[in-house]
Structures are given as C-alpha cells and as structure tokens.
Amino acid sequence: MRASDLISKKRNGGSLSREELHFLMQGYVSGTIPDYQISAWLMAVYFRGMTREEAADLTREMIDSGSTIDLSGLTGPLIDKHSTGGVGDKVSLILAPLVASFGIQVPMMSGRALGHTGGTLDKLESIPGYTTALSPEDFRRIVSEVGFAMTGQSETIVPADRKLYALRDVTATVESIPLITTSILSKKFAEGADTFVFDVKCGRGAFMKELDQAKELAAHLTETGRHLGKGVIAVITNMDDPLGAMVGNFLEVEESAACLGGSGRGGELATDRRSEDLMSVTLRLAAWMLVAGGKAKDVDEGEAMCHEHLGNGAAWETFVRNVKAQGGDEKEFLSRLGHYRAPLRHAVPAEHEGVLFGIDAFKTGMASVYLGVGRNRAEDDVLPDVGIELLKKPGEEVARGEALCRIYARTQEAVDLAVETLDGAFDIRTGETFPPKTMILDEQAEL
Ligand code: URA
C-alpha cells in the first residue's frame, strides 16, 4: 500500500477499507507516514466526508493505535460528558465534580484548545502543579477515590487522536463531522465509561454553525456510539455567544470555582448573572447524567438535586479533592483566585448606547487565541493568565463608552490584535426588543 494512493482514493470520493485505514493510522503513529501526507488525507476527508462504516472503522483503528483504560471492577455507574468544542466552555470543570458528588464515577478524557475553541486540559493545567498526564493506574485510582479524573490522550492512549488533533488544528480541517465524531468517540471508548452525554455545540462559536449540521453531528455520535454498544445522550446547545463571563485558561477555572460554590474565594468574581447561560447548560447536562446513572427520575429532578450540591459545598469539595489528587497545589490555587491576571489590561468600550443583543463567540474565541489562550502553531505553549472577561452579557443595556469587556494580555501587540479581532463582535441595538436566548436547542437520548 502507498499513502499517496489512499489520499487520491479519498480525494476522488472513495471510501477507505479498514485495512487501508489501519495502514494510515499505524504509519502515522509510528512515524513512517509524515504529517504532510496525513494533512492531505485530512483535507480530502474534509471535502469528501466518510460513510458511517468508514467512520466506525476509523474510530476502531484510532482506539487500536494504543491501549485502553480498564475500569472494570469500579462500582460505577461510569458516565462521561464530552463537548464538541465552544468558547468560554468550562462546563466540564463544573459538571464533573458536581455529578461525582452524587456517587457517579466520571472518567473524563478531554482535549486541548482546538481552533478558536478552548481546551479543558489547558484550563486545568493553569492550576499550579496540576497534571493531566495520568498513567492508566492513577486515572483509575483517582476515579475510584475522588469520583472523577481528568486526563488527555497520551503516547499510549489513543495516540492517533493526539497527533491528528494537533495536526487538524493547524491545517484547517477541524470542522468535519466524521473527523469530529471519530476524534471524540475514540477518546470516549478508550477511557472506559459505559454511557456518554454529548454536548453538541451549535452556533457561530461552534464548529457546527447551523442546527441541521449540529443535528447531523448528534446523529453521527449517537448512532456510532450505539453501534459500538454504549448508551448515548446528545444535547444540542446554543454557542452563539461565549458561555459565561470568562474566556481564558485560569480565568475559566476561576469562574468555575465561583459557580461551584467556591465564591467568596473567587475574589471579584462571584457567581453572578454573567454565568447564567453557562449554568443552564451545565445543569441540563449534569441532570441527564444523573438520570442515566439512575440517581434522578427525570431531568427536572436532576437539576433540583444539582442545585442542592452546589449550595451545600459538596460539588466544590469534590473539585478541591480532585485538584489535590492530580498534583495541584491547593494553597497556591486558592490564593490565585481573583488575582492571577496577565499584566496588561485593556477595556473595550461600547461605541454607542443601546441593548447588547449578542457577542460573536467566534471572534471572541479568535481574539483569545491571539492572546495565547489557544495555539497558533502546534508547537505553541498556551498562556495560563491571559484572556477576556466579559463585563456585559446579551440582554443588558450599555451606555456609550461603557466597558464591554476587559482584555488581559502579556504584550501590547497581543492587545492590539485582540482589539482588532473583536471589532464588530458586540452587537448593540436601539429600538428593538431583545429576544430571550434559548440555550437547549434539542435533545436525543438512547439509553
Ligand atoms: N472535541 C474533540 O475531542 N475532537 C474534535 O474533533 C472536536 C471536539
């Protein structure tokens, strides 16, 4: 077999067989097939798509590129949630400890910043000492002892996704339904959960901009997941505006801490109206996990239960236990809340008065990448202390000159680039009635 023949087969609209996909994945992971050939294949997949069978075969080959985590023997229920990627999307940081505080075990294999979207692992690693490079044994132990653990793809677990994910990020091949499906499912199957809840993001800050595309991605995920023998729930959620008040790495950890009831320790950021959209998505997904785990009879009861554990400190305590278990320095972490900000601060003022109708999540995400929240090149490091704090959220009135957001940056060049990127991101209107935002757009459960 030759990689170039497989690339042209895909480019011409053909489907690769399991053996051909095996050849590509093994060659890529072992280094005999170079990045430039895999980049060309990815672009061919981007334009030509994949059949369901081909996507299922690629998922299996990606899983088989490494080892899987054996969680058998854990008492469970073992349920995980995965997002297709958003801006200000810190749902996992709040949801995992919240759900774990009810005795559900959450083995979470997450991703890094991708394109204009943030990465859960990058956010967590902004906590001093926190490691996401867990051995399978430590992952299993922490799930068992704390209730949830957060890890990433590694040299041994789904190495194919680890390499493909970074390559897609810099070759403009992220927004592909089969590539997203296979990337997510390979991680989910390798980590050992029984049931998955997918947060399929839809809107200008998501990879799927339109509802019909998001529904197609949800269908791909649920059908392929079911095909491989797992319970799957897909919730399509609104990603037009950034979620919550913060877009950044530690900034998002801080907002999560406040939402988990660790406020008071969150300095100037208490849980406030700016996090309402974030919390409505988080509570819905968490409630589905409680339903799937047999803890709640329906999502309404699940949401009410979640409110209780946010209020009585159970969710926050579970989060802090995880920080310690994954090597985080609790004291230093708590002391950074409310203070850990890059040195340059710049407020973006409203050009005119009116009601804020929307904040373009894509532009906000790109501006945050330029600040260093995400990566411009695969080898770039992300910065823990930069980002954007939204001071106004959709539905609020603003006066001319009032600050809409505050940028935290390390260099003036980054500030200038972020300001330029945010041009036109804030949609302020006068004389029109603000339509309430719907956060939950669709739900499909196959348990
Ligand atoms: N999340 C993933 O894990 N992979 C993708 O391709 C997109 C979102």
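The values are calculated or read from the model by the stated rules, or taken from the named source; none is laboratory data. From a predicted model like this one, the values you see are computed outputs, not experimental measurements. Note that each Cβ is placed from the backbone with ideal geometry, even for glycine, and that neighbours are counted across all protein chains shown. We work out accessible area using only protein heavy atoms, side chains counted, and drop any ligands, DNA or RNA first. Shrake-Rupley method; radii C 1.70, N 1.55, O 1.52, S 1.80 Å.
Results for (1) loosely packed, with under 15 Cβ neighbours inside 10 Å; (2) at pLDDT 95 or above; (3) more than 17 Å from Asp161 (Cα to Cα), shown as yes or no for each residue.
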position	(1), (2), (3)
Ala3	no, yes, yes
Ile7	no, yes, yes
Gly14	yes, yes, yes
Ser17	yes, yes, yes
Leu24	no, yes, no
Gly27	no, yes, no
Thr32	yes, yes, no
Ile38	no, yes, no
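Scan segment 403-413 and tell me whether some residue there is on the phi < 0 side of the Ramachandran plot and free of Cβ contacts under 8 Å to residues at least 24 places away in the same chain.
yes
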Task: Selection count, segment 55-76, where residues are part of a loop (DSSP other than H, G, I, E, B) and closer than 20 Å to Ser135 by Cβ - done: 9
TODO: Report yes if Leu71 is farther than 30 Å from Ile440 by Cβ and among the aliphatic types (A, V, I, L, M), otherwise no.
DONE: no
Open item on the list: Against the conditions (1) within 17 Å of Thr182 (Cβ to Cβ); (2) of a type outside the set (Phe, Trp, Tyr); (3) open to solvent by 20 Å² or more (accessible area, probe 1.4 Å); (4) touching a strand residue (DSSP E or B) at 6+ places or on another chain (Cβ under 7 Å), where does Asp64 fall short? Just the number, please.
Closed with: (4)
TODO: Using the structure shown, decide if Gly119 is assigned by TED's automatic domain parsing to the domain that holds His307, open to solvent by 10 Å² or more (accessible area, probe 1.4 Å), in contact with a Lys or Arg (Cβ under 9 Å, 6 or more places away or on another chain) and within 10 Å of the ligand (Cβ to nearest atom).
DONE: no
